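A.B. asks: This is the structure, below, for whatever I ask next.
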Amino acid sequence: MNFLLKNLLSTFTYTTVLIGLVTLAIDWTTPTTLEVSNSIDILSEYCAHDALLQQKLENPIYQSKHIAFEKDLYNHQNGNSSNAEFVADYTLPVVVHIVHQNGIENISDAQISQAIQDLNDAFENVGYYDQGTGVNTQIEFCLATQDPDGNPTDGITRDNSPLTDMVLETEDIALKDLNRWDPLTYINIWVVKEINSSSFGSGVAGYAYFPTSHGQPEDGLVVEAQRFGDTQSNSAVHVHEMGHYLGLYHTCLLYTSPSPRDRG
């Protein structure tokens, strides 16, 4: 598993960028073929990725690492005439950390399993998530079956903490320190009741860090429990954030960066 995440992450990133993963390009919250009971446009709620990336890029060490990653990816892309070698089946192990205070945010195992199924459906571009323009990414996700000590697990942890109502600018690492499995081996997803922001209020539905943070304390995704597997529409949030985790920018990103990669 260590090899899977540590050495193949750039391959996943290239593959998803190359095919234009529909996660960040299509609004699955308003499908033309299905009735959606919740009229809220889920992805219109603030995704904190851009602000967090800008903040991280203010650190010269992180910026240098990020530029190097982008250059390697750019050279990798332009050095291959065909993308056939990148199209392969990968299964990535996920651990879901439920942080709660015995409220509705302590979601059931069944809802968590549905969230992973929705994630797989989106990356396979089937069912609800097939809008006629995407493709199968050949990337699959599964709840981890072995914990860091080698013991059997269902890939779900539960921690009782007031950090279920967290402020992303000041409590991101404290939240993740509650329970973190080796990010070089697992994709960590923290599920909380509320993501608050000192800059943007309570409108943050989720966030994730780029591959440049792989293996660092901040590595992983944070999403609100009400968006995680409750409905296929709501699951668009963690699907969206997984795109960031694998290296995708928002489409039509407008800020200037020293990166050589076209953001689309």
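The values are calculated or read from the model by the stated rules, or taken from the named source; none is laboratory data. Because the structure is a prediction, the values reported are computed rather than measured. Don't worry about glycine lacking a Cβ; one is built from the backbone with ideal geometry, like all the others, and counts go over all protein chains shown. These accessible areas exclude ligands, DNA and RNA; they are computed on the full protein's heavy atoms, side chains included. Shrake-Rupley method; radii C 1.70, N 1.55, O 1.52, S 1.80 Å.
A.B. asks: Please find the FRET efficiency linking GLN101 to ASN136, where r is the Cβ-Cβ separation and R0 is fixed at 45 Å, and quote it to the nearest 0.05.
C.D. replies: The value I calculate is 0.70.
A.B. asks: Using amide H atoms built 1.01 Å from N in the peptide plane, name the residues 5+ places from GLY206, or on other chains, whose amide H lies under 5 Å from its own.
C.D. replies: So GLY206 has HN proximity to ALA48.
A.B. asks: Given a 1.4 Å probe and the protein chains all in place, what does the accessible area of SER199 round to, in Å² to the nearest 10?
C.D. replies: 80 Å²
A.B. asks: Can you give me the long-range amide H partners of CYS142? Hydrogens built in the peptide plane at 1.01 Å from N, cutoff under 5 Å, separation of 5 or more residues or another chain.
C.D. replies: The answer is LEU92, VAL94.
A.B. asks: Got a sec? What order do THR185, THR91 fall in by accessible area at 1.4 Å, biggest, i.e. largest, first?
C.D. replies: These residues rank, largest area first, as THR91, THR185.
A.B. asks: Additional query: Provide the net charge surrounding GLY127, with neighbours chosen by a C-beta distance below 13 Å and charges set as Lys +1, Arg +1, Asp -1, Glu -1.
C.D. replies: Taking every Cβ under 13 Å from that of GLY127, the sum is -4.
A.B. asks: So what does ASP159 come to for accessible area, using a 1.4 Å probe and Å² rounded to 10?
C.D. replies: Roll a 1.4 Å probe over it and ASP159 shows about 40 Å².
A.B. asks: Heads up, I need the accessible area for VAL135: 1.4 angstrom probe, whole protein in place, Å², nearest 10.
C.D. replies: Spelled out: VAL135, probe radius 1.4 Å, area about 70 Å².
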